[in-house]
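Heads up: the structure comes next, in structure tokens.
Read the figures in this text as sums done on the coordinates, not as results from a lab. Worth saying up front: this structure is predicted, and the values here are computed from it rather than measured. Cβ placement follows ideal geometry from the backbone for every residue including glycine, while neighbour counts extend to all protein chains displayed.
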């Protein structure tokens, strides 16, 4: 059954949005918050050895410096989105940004591994309040004809932030500003967070929640949080522990909880009570397909970055800074592809740009596999440069129109739920990509060597991107107009 007509009708309310005079500043505040979150997610891994040397703690404790953030973030993303519907997106954005900034200061002041892990968990919780608000705020302040360009700005920012973390981390650690060492990776969040909060307070229009939103679905929060813990916790720990039986039992145990959550949401909606996630989002094929595309794309990006990083650091014995600087050509490709797709190609060609991006990125992954196989170790940055540029260009092309098209059929009252679900599946997809493709690389590397392991892993990434291209056929043909 075609969903094109209902999607067009449901997008109509967005066309009536009056352009907010400070909408570009509001977008800047949202992007600053996104940068802060993404950099904080990737930069910490570079500092892990320094943190362990300074604070002590075993390998498991240091691993939880990253894992605590990821788990809290994944658990609360959908709840954070719903809170934006209930009490207003501006309030939740400011509360989350200021809370994240305060927790960054606590991380920098940590005197032990336990304190740092607790502060990181609080960081993840506040990030879950901030990140889901962005897409809804953009739809509220930009008129329909500007939404494509606004969402297109996410492409270069998200892409650059995801690959710049290791580079920035290496620079901050190497410079040891004012003798702060690893603590500077958290202190750097303070000016960024305060700037995002100040700009957001000035530029984001006040709102008082979505009409019809009443009270938070606490039973839904409890069931969904339990399901996410059962699913995400083993994905975080499984690779490190060698995938014991309990990890698979835990992931299997999450399935009935997710099914129960879906039934609970349908029942609440049928009885006139506000659900945590609007069941109407999943009535057609467009939004479920968008969720799959976002999750698969995140898995592909995470797997690709992990395979390259492990190959360059463990196989070629490069420093974290050297490996990070090698990703600069990919960043250049991301910016070029995202600017082209967001500003011109996306509004004109719609989902065909996502198809093109998936194909180009897949070819880039295969080119990286071929380059590593051809040159072997020690490989140089120059030998990888063409493939990195192609991969980045494909990533940018895909990311430019992705969120605009993913939300094209979403009604304004569903924006909070849609944003929370998309962000949660983006996070979950990244965790699955790291777990599955990281395990594949580390399983093949001891017996076949890092280069064949990287080549096979990158080939798997290309296969995941082929699935992205396939599911893109079910997306709306274009974004909001």
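Treating the Cα atoms of region 217-275 as identical point scatterers in vacuum, please give the log10 of the normalised Debye intensity I(q)/I(0) at q = 0.20, 0.28 Å⁻¹, two decimals.
Taken in order of the listed q values, log10 I(q)/I(0) reads -0.70, -1.02.
Match the structure shown to one of the listed values [x] 0.93; [y] 1.15; [z] 1.02 of Cα Rg over 2.2 N^0.38 Å, computed from it, and give that label.
[x]
Could you tell me which of rounded, prolate or oblate describes region 142-284, using a ≥ b ≥ c as the square roots of the eigenvalues of the alpha-carbon gyration tensor, with rounded for a/c under 1.5 and, failing that, prolate when a/b is larger than b/c and oblate otherwise? Spell out each step's value before the answer.
Working: a/c = 2.29, a/b = 1.23, b/c = 1.86.
Oblate, since a/c reaches 1.5 and b/c is not below a/b.
Does anyone have the angle between helix 351-375 and the longest principal axis of the chain? Alpha-carbon axes, 0 to 90°, nearest 10?
Relative to the chain, helix 351-375 is tipped by roughly 10 degrees.
Take the alpha carbon gyration tensor of region 157-197, find the square roots of its eigenvalues, order them as a ≥ b ≥ c, and report rounded if a/c is under 1.5; if not, report prolate when a/b exceeds b/c, else oblate. Intermediate results must be reported in sequence, preceding the final value.
Values: a/c = 3.37, a/b = 1.19, b/c = 2.83.
Oblate.
Compute the Cα gyration tensor for region 222-314, then decide on rounded, prolate or oblate, letting a ≥ b ≥ c be the square roots of its eigenvalues: rounded whenever a/c is under 1.5, prolate when a/b is larger than b/c in the other cases, and oblate in all that remain.
Numbers: a/c = 3.63, a/b = 1.65, b/c = 2.21.
The shape class here is oblate.
Return the whole-Å distance between the Cα centroid of region 222-288 and the Cα centroid of region 414-439.
Cα centroid of region 222-288 versus Cα centroid of region 414-439: 12 Å apart.
State, to one decimal in nm², a quarter of the convex hull surface area for the C-alpha atoms of region 429-481, i.e. the direction-averaged projected area. Walk me through the intermediate numbers first.
Details: hull surface 18.3 nm².
Projected area, direction-averaged: 4.6 nm².
Whole percent per 10 Å bin, from 0 to the bin with the longest distance: what is P(r) over all C-alpha pairs of region 356-481?
Answer for region 356-481: a P(r) of 12, 34, 32, 15, 6, 1 percent.
For region 97-189, just the Cα set please: Rg and Dmax, both in angstrom.
Rg, Dmax (Cα atoms, Å): 16.5, 51.
Roughly what angle does helix 328-340 make with the longest principal axis of the chain, taking Cα atoms, 0 to 90 degrees, to the nearest 10?
With both axes taken from Cα atoms, the answer is about 20 degrees.
How far, in degrees from 0 to 90, does helix 245-270 lean away from the longest principal axis of the Cα atoms of the chain, to the nearest 10?
With both axes taken from Cα atoms, the answer is about 10 degrees.
Return the calculated 222 nm mean residue ellipticity for the chain, to the nearest 500 deg cm²/dmol, obtained by summing -39500 (n - 2.57) across DSSP H runs with n ≥ 4 and dividing by the residue count. The partial results should precede the final answer.
Working: 20 runs with 378 residues, N = 481.
Result for the chain: -27000 deg cm²/dmol, rounded to the nearest 500.
Take each of the peptides 359-366, 225-232, 249-256, average the number of other beta-carbon atoms within 10 Å over its residues, and list them starting from the highest. Could the numbers behind the result be given before it?
On the way: 359-366: 23.2, 225-232: 20.0, 249-256: 14.4.
My ranking of the peptides, most packed first, is 359-366, 225-232, 249-256.
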